[in-house]
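S.K.: Attaching a single structure in structure tokens format; questions to follow.
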Amino acid sequence: MKLKILVGTMTSTADYVAQAIQMDCADIVSDIEVTLMDGLDIGVFDAAPDQDALYLICTSTYGSGDVPDNARALYESMDAQPKYLGHVRYGVIALGDRTYLQTYCFGGQKFDERLQGLGAQRVGEVWCHDASSGTLAEVEATAWARDWLTQALASATA
Ligand SMILES: Cc1cc2nc3c(=O)[nH]c(=O)nc-3n(C[C@H](O)[C@H](O)[C@H](O)COP(=O)(O)O)c2cc1C
């Protein structure tokens, strides 16, 4: 199985999270690719069937509950050029801050809603990290990702 982590970020926290997962989870999945969302569109989900790809959306939230600037083209292409993504299995890491009460982790939630709408299959729940909690996103996310990958592998072979 190949894990593709797609990173939406303004100030690199989501990128650090993705890189930590790439290093920490290599014993579970050897092929982990980290890609910034810049310049991507819905075609990123066209993995060859033999690649058995699993996707991890790893994105923060900006503005008033918006996806980061580098994620906008990919997010909007899922609306402008929709296609059925029933073959796509994915998870979501949503970075946010609870002080933004009305829009907490909306960036990741928005990707989740759009992927669900196109028929993609989420593995597990959307995982949120609160920047105001004082915990390190990289540390918490890698612990979550290890469990999530184990679940994804088990459901792939079930
Ligand atoms: C200007 C600004 C706007 C933000 N807006 C939101 C928001 O609406 N909802 C939320 O949950 N977090 C919001 N955040 C918090 C970020 O999503 C959070 O700090 C995240 O960890 C940043 O990750 P990044 O460095 O990968 O961009 C905002 C942060 C800033 C600086």
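S.K.: Let's test the formula: R0 of 22 Å, r as the Cβ-Cβ distance of Thr135 and Asp66. What FRET efficiency results, to the nearest 0.05? Show your work: numbers first, answer last.
M.R.: Values: r = 24 Å, r/R0 = 1.08.
Efficiency, rounded to the nearest 0.05: 0.40.
S.K.: Hey, another quick one. Please report how far the C-alpha centroid of the range 58-78 lies from that of the range 79-158, rounded to the nearest whole angstrom.
M.R.: 13 Å
S.K.: Please list the non-local residues whose amide H lies under 5 Å from the amide H of Leu85, H modeled 1.01 Å from N, same-chain partners needing a gap of 5 or more.
M.R.: Residues meeting the criterion, in which the H sits 1.01 Å from N, are Gly119, Ala120.
S.K.: Determine the dipole magnitude for the chain: charges of +1 sit on the beta-carbon of Lys and Arg, -1 on that of Asp and Glu, nothing else is charged, the reference point is the Cα centre, and the result goes in debye to the nearest 20.
M.R.: On the way: 10 positive and 22 negative charges, 63 e Å.
With only Lys, Arg, Asp and Glu charged at Cβ, the dipole is about 300 debye.
S.K.: Counting helices only, and only those DSSP H runs with n ≥ 4, report the 222 nm mean residue ellipticity of the chain as the sum of -39,500 (n - 2.57) divided by its residues, in deg cm²/dmol to the nearest 500.
M.R.: Calculated mean residue ellipticity at 222 nm is -11000 deg cm²/dmol.
S.K.: Okay, moving on. Give the list, by residue number, of cysteines in the chain with no other Cys Cβ closer than 4.7 Å, or say none.
M.R.: If one checks each Cβ against the other cysteines of the chain, Cys25, Cys58 turn up with nothing under 4.7 Å.
S.K.: Quick one: length gained pulling Gln19 to His87 fully straight, 0.36 nm per residue minus the C-alpha distance? Each step should come with its number before you reach the end.
M.R.: On the way: separation 68, 0.36 × 68 = 24.48 nm, distance 2.54 nm.
Residue separation times 0.36 nm, minus the Cα-Cα distance, leaves 21.9 nm.
S.K.: Additional query: Within a Cβ distance under 10 Å of Arg89, other residues only, what is the Lys/Arg minus Asp/Glu net charge?
M.R.: 0
S.K.: Per 10 Å bin from zero, what fraction in whole % of the C-alpha pairs of the range 1-133 is there, up to the bin with the longest pair?
M.R.: 13, 47, 34, 6, 0
S.K.: Continuing with this model, one more query. Work from the charge dipole of the chain (Cβ charges, +1 for Lys and Arg, -1 for Asp and Glu, about the Cα centre) and give the residue of Gln116, Ser77, Ser132 farthest towards its positive end.
M.R.: It is Gln116, whose Cα lies furthest towards the positive end.
S.K.: What does the extension gain come out to for Leu153 and Arg122, with contour length at 0.36 nm per residue minus their alpha carbon separation?
M.R.: Extra length available between Leu153 and Arg122 comes to 9.8 nm.
S.K.: What is the local net charge at Thr11, summed over the other residues whose Cβ is closer than 13 Å to its Cβ (Lys, Arg +1; Asp, Glu -1)? Please list the in-between numbers first.
M.R.: Numbers: positive: none; negative: Asp15, Asp69, Asp97.
Taking every Cβ under 13 Å from that of Thr11, the sum is -3.
S.K.: Report ³J(HN,Hα) in whole Hz for each residue of the range 99-108, in order, from the Karplus equation J = 6.51 cos²θ - 1.76 cosθ + 1.60 where θ = phi - 60°; Gly and Pro get x.
M.R.: Whole-Hz 3J(HN,Hα) from phi for the range 99-108: 5, 8, 3, 6, 10, 4, 6, 5, x, x.
S.K.: Provide the net charge surrounding Gly124, with neighbours chosen by a C-beta distance below 15 Å and charges set as Lys +1, Arg +1, Asp -1, Glu -1.
M.R.: Working: positive: Arg89, Arg122, Arg146; negative: Asp112, Glu125, Glu140, Asp147.
Computed value for this residue: -1.
S.K.: With θ set to phi - 60°, apply the Karplus curve 6.51 cos²θ - 1.76 cosθ + 1.60 along the range 77-86 and write out the HN-Hα couplings as whole Hz, x wherever there is a Gly or Pro.
M.R.: So the Karplus estimates, Gly and Pro as x, are 5, 6, 9, 6, 10, x, 8, 5, 10, x Hz.
Readers should treat all values here as calculations from the given coordinates under stated rules, not as data from a laboratory. The shown structure was predicted, so the numbers you read here are calculated from the model rather than taken from an experiment. Glycine gets a Cβ as well: all are built from the backbone with ideal geometry, and neighbour counts include every protein chain shown.
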